[in-house]
Amino acid sequence: MGGIAGLLLVSIVVQVAAAILALRLIWVTRRSLAWIFICCALLLMTARRCLTLYSAVNGVVVANVFDSALLFEALVSVVISVAMLVGVGLIAPLFRSILRSEEEIRRREEDLRVTLGSLAEGVLTTDTRLRVVRMNPAAERLTGWSTEDAAGRSIPEVLPMAESGEPDTPIDPFGPVVIEGQVVRLPHPARLRQKGGSWVLVGSSGAPIRDSGGGIRGAVIVVQDVTEQQRLEDHVRHAQKLETVGRMAGGIAHDFNNALCGILGYAELLAMKVPDNPQLLDYATSIVEAAKHSKELTSRLLTFSRKGRVLTRPMDIHESLRLVADLLERTVEKNLNIDLRLDATQTTLHGDASQIHSALLNLGVNARDAMPGGGRITFSTRNVAFDEPSSDGGTPIPAGRYVEVDIEDTGVGMGPEVMAHLFEPFFTTKPVGQGTGLGLSAVYGVVRDHHGVIRVESRPGQGSAFRVFLPLAEGTSVAARPVSPVVRPRGRGTVMVADDDTILRRLGVEMLGELGYEAIVAEDGLQAVQAFRAREGRIDLVLMDMVMPNMNGLDALHEMRKIDPGVRVVFMSGYETEILRAGLREESIDGFLQKPYGTEELARTLAAALRRT
């Protein structure tokens, strides 16, 4: 019995050691359930050995147990206990390696979660059947789906997209990603319907997820909200289109002004020739009035195209608004009310008062026409400042200090399809014969030339609000300006008319003759230089077009100054800009006439030029 007891004692010691090792693994690996089971089994076996050892030592025979059986059990217990100890010892490093691998996986998973959570773009991963596996927070915000709700759902369900211009035409572009392994990128923004039912404009792309062997395991899809980006791009395209249309309008207005110059000039000459014939005088006067009206239309075109004249000087925006409101009150129906809310405390601008006045009047008339059944027009002002460029609510506004002028009405309002073309020349919603389509385009040009911004807010049936932001002039005040009397002074001397338009050359000769001058003509700049050289000292003044074939006006002036440095020159042009006027001031010319011009303007300009020494 002593040998058996010894073997049982060895078995107990080995099992206790194995149980202690198992307890250590429980602490290290946190695998409580599995290792607690193993530890309990070892402890139960140890308890049985202890009972058997007690029986052997005290000579107690249990249930047909013989010495040979106890010896066999003791030997088997030792072998099993040693095997368990060795097995637990061998398994422990393996479990530690598994633990390290799982910790590394958890760390990488956390890194991936943080990285995906930091992206502004929405990221979704799918299985090979395009069912959602994972979404980052940006994707959750963009789609309206949580990862838990979206998991296992198809991409067309979570990312229902349609053509940007046709929301009823669904698209499903990501099938080739998992079927053929293609990388897919949408060529144009698409409309994404969010879970709540609203639509948002997105750009999207998809790529396959491959395993180490190159097999496709799923797809990763990236979506980005491009609504603001698309709005800015649309604004740039719209501005470019307006710029193109403006250049075309400027060219048309230039040619039209040349034609108007002949019509207006000959009509005035006709009126001067028939003062005793009331009927012919009335005809001539009507032609003059029609020509002047057409001149105003081309002036609007030139303003839109940035080729109109802008005379910048300090002006008070409140003064212009009061004049506009007073004019409208005297012309509108009694069922239309006009309110002035002039809250701005700083109201001085650098600008052309006549153009600003015309732009505000156009906006007021536009508001009036939007309320055929009556309503209310409100003119209001306030001072605003932007520390950085602002793009909220429409056209971007550069940083700076502004006076905001709001013209609001309670009229019929407009839809997006009308607002998209609002500032284009010749676009109008008025019936034929009731609008030229140039009013708002001229307003746009005036605001732009004054470095301002105009925004529009409107909905059908809810009226419209035009918000004009004009930069303030710091440290200046408005001064009174004298009014020049209208005169038609006569003169004498020889004037050369240089113009490539035959009608305008003939008109110049006739008008100069009526004003007391002798006239000679030249068809272009080169001929003008030759005539000036041939009559050196006998030409008192040159009336010359800016743009002519063979040699333009400025080049001709330079050649004439080589002949006579004191030559007097008055330039003519179908349009005028600040850049052009600045260039002419540098050349020290004696005057400028913008076509179309009448006899009174011609007479004053020539008289002033000839008085200069």
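Overview of results
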item	result
More than 20 Å apart - percent of Cα-Cα pairs taken over the range 141-212	33
Extension gain (nm, one decimal) between LYS273 and ARG131, 0.36 nm per residue minus Cα-Cα	42.1 nm
Estimated distance in nm for a label pair at GLU148 and GLU329, the labels positioned 7 Å out from Cα along Cα-to-Cβ	6.6
Label-point gap, in nm, between ARG533 and LEU281 - each point 7 angstrom along Cα→Cβ	5.0
Proximal charge balance of ASP545 [Cβ under 11 Å; K/R count +1, D/E count -1]	-3
Pairs from LYS241/LYS334; LYS292/LYS562; LYS334/LYS595; LYS241/LYS595; LYS295/LYS562; LYS273/LYS562 whose Cα-Cα separation, in the structure shown, is over 31 Å	LYS241/LYS334; LYS292/LYS562; LYS334/LYS595; LYS295/LYS562; LYS273/LYS562
Summed residue charge, Cβ within 15 Å of ARG535's Cβ, Lys/Arg positive, Asp/Glu negative	-2
Protein-only accessible surface order, largest first, of HIS188, HIS357, HIS450, HIS350 at 1.4 Å	HIS188, HIS350, HIS357, HIS450
Neighbourhood charge, 10 Å Cβ-Cβ cut-off, centred on ASP500 and excluding it, Lys, Arg +1 and Asp, Glu -1	-4
Accessible area per residue in Å² at 1.4 Å probe, computed on the range 118-246	54
Of all accessible heavy-atom area on the range 128-214, the percent that carbon and sulfur account for (1.4 Å)	48
Three-way shape call for the range 319-367 based on the alpha-carbon gyration tensor, with the a/c threshold at 1.5	oblate
Accessible carbon and sulfur surface of the range 491-613 relative to its total accessible area, %, 1.4 Å	45
Segment ARG401-VAL456, length gained on full extension (0.36 nm per residue, minus Cα span)	17.8 nm
Segment SER164-SER212, extension gain: residue separation times 0.36 nm, minus the distance between their alpha carbons	13.5 nm
Förster radius 25 Å - calculated FRET efficiency between ASN552 and SER588, Cβ distance, rounded to 0.05	0.90
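The values are calculated or read from the model by the stated rules, or taken from the named source; none is laboratory data. Every value quoted in this text rests on a predicted model; they were computed, and no experiment measured them. Note: ideal-geometry Cβ built from the backbone for every residue, glycine included; neighbour counts use all protein chains shown. To get the accessible areas, we keep the full protein, side chains included, count just its heavy atoms, and leave off ligands, DNA and RNA. Shrake-Rupley method; radii C 1.70, N 1.55, O 1.52, S 1.80 Å.
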